[in-house]
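Here is the structure we will look at.
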């Protein structure tokens, strides 16, 4: 416990961590300020107009569905400009996930319900970068400067020392990410209340946002642990940064091109980014370019990656790297 | 006497793809007994720091056996780590922290009362600078901080690798006094250093390592005595005649500009009597005792060569040690075999 306490203090006192926190808060402040500047509270007339536009849009959808049913029933002739699905249920407004609402037709108005998810993804992306860099520099700088050796002279238990560092890192990342992302969303909720409109904030919305929030926090922990593990394996902060850049360039860009040339149908299935998006958003729909090769009949070329599948992949990657870091650190000569 | 450090047949080599295998320590033995101030000497790259790192569990030994304060190291080192203070090479500290904070964090991590921090800062002369950031410290101040970190635990055994590195003359003297006071308080000290004069002043025992092997060990006086050639510097008015007289008496004499050096004379009375009987009166008769530096240079073969730039590996390789100790010790009670 003493060791973790000391490590927490060391981590919090690092200049790099403090700089990243300042940058994060500055980015938040800029985002909030620009949103406040670009948004206004809608007047009654604007709301009324938006509601009528939404009503028109819904009526149009219902009419299209009704026409589809009547064409299929042979009560109306098929117009050559009509595109009608094989099953009219596909365009049934009653089955749609979300019908047009008034807030979709408000210009220059910040709608919290519409923007909360993108805002959360933005802050999670920033926090993941923060986690990766802080995780890598925390152990990388200590290994490089001899700080770890100093500590081992005091506590010659390598696993305990590395575990304490990883625990301190993930604890700080979790607490910091939970607080800052909640505060960030809270600020924009207030902006929605005072300088825009909150939108439709029902139980389904909060449940979905809560799920994304929780998964986002776990993604930040994954990023921090991966940065920490790769920097431990490579003995330097730069090892982690170099590995991430190399992965992005060689695999996410280069291999994707090669898969395209070779005609592989589902290159996204072997890309970490797909699993990351699936994890953050709950699921991701991806296109299989060769699923509908013969062109005969209806073909749904999409396939789905869900968050459980993504969790398995991300856990295996993170667990593997952290495990390898511990094994190597236990055996390594510290010079 | 109780041995607090025992190293038997330590072997360690490093491998790299480019340079292949390089032997750093080759069957090295070291024994430091309680209460000693033990100097650990060797040229650059001779294996001193590797030995200390292996002893402290920072590098994995390929073979041999090590014990610290009676327990096997590194396997059971954590049991006695609280009684061992150590600095290995020049430790680096986080520049953004003050010395006080650095030591306080170490104290917290090691379960040492934080009240010790001020005491050790006072001991190493950093009391008034303890709240400045380490980044602004000179090399010597960082070295003092390193020593302070080693003293923080109030150790029974202190291992100092180049503690005088970067210290000014006053700092070196303070370090010497500090070491002496610690030794007087019963702390066993193992010091690795290149400053041979300091080692001779501070240490009662010495071990010299060359190319990973032990070249000499024992009390400083005994090690020096082993290299005493019984030489005497003779100052005299007529050196040519004196040389002839001594030569006739069977004494080997070398003539220098203004003095003679007689070799292999155990009793100086032989010189003064032989010369006096011939009416030659000695005005100076000084024993030329070997100092640690000359012994070190001779043992390690690392004396400067005016004809060529000496390379770090151009040193003497001592005879191979006995058969390497293969560590088959599976005993749990930590006893040393007879």
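Readers should treat all values here as calculations from the given coordinates under stated rules, not as data from a laboratory. Remember, it's a predicted structure, so these values are computed and weren't measured experimentally. Cβ coordinates were reconstructed from backbone atoms using ideal geometry, including for glycine residues, and neighbour counts include every protein chain displayed.
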What is the distance in Å between the Cα centroid of region B:6-32 and that of region A:67-116? 78
Using Cβ counts within 10 Å as a stand-in for footprinting exposure, how do A:292, B:203, A:68 rank, fewest first? A:292, A:68, B:203
Output the relative contact order of region B:13-126, whole-number percent, from Cα pairs under 8 angstrom with separation of 6+ residues. 13
Within region A:243-269: backbone nitrogen closer than 16 Å to the residue A:287 label point (7 Å, Cα to C-beta): A:257, A:260-261, A:263-269
Rel. contact order, % - alpha carbon contacts under 8 angstrom, at least six apart, chain A: 20
At a 10 Å Cβ-Cβ cut-off, how would you order B:210, A:52, fewest neighbours first? A:52, B:210
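Taking R0 as 25 Å, what FRET efficiency do you get between residue A:251 and residue A:122 from their Cβ-Cβ distance, rounded to the nearest 0.05?
After rounding to 0.05, the efficiency reads 0.55.
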Find the percent of Cα-Cα distances in region B:196-311 that exceed 16 Å, and round it to a whole number. 66
In whole Å, largest first, the alpha carbons of region A:43-105 cover along the principal axes 46, 21, 16
When the Cα centres of region B:224-284 and region A:124-144 are compared, how far apart do they sit, in Å? 73
Please say if chain B is rounded, prolate or oblate, where rounded means a/c under 1.5 for a ≥ b ≥ c the square roots of the C-alpha gyration tensor eigenvalues, and otherwise the choice is prolate for a/b larger than b/c and oblate otherwise? prolate
To the nearest 0.05, how large is the calculated FRET efficiency for residue B:228 and residue A:238 if R₀ is 60 Å and r is the Cβ-Cβ distance? 0.60
Using the count of nearby Cβ atoms within 10 Å as a rough guide to exposure, how do A:251, A:307, A:154 rank from fewest to most? A:251, A:307, A:154
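Taking 51 Å as R0, compute the FRET efficiency from the Cβ-Cβ separation of residue A:75 and residue A:31 and round it to 0.05.
So the FRET efficiency works out to roughly 0.45.
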Residue A:315 paired with residue A:48, simple spin-label distance in nm, labels 7 Å along Cα-to-beta-carbon: 5.6
Size of chain A along its principal axes in angstrom, Cα-based, largest extent first? 87, 54, 28
Dividing the mean separation of Cα pairs under 8 Å (6+ apart) by the residue count of chain B yields a relative contact order in percent of 20
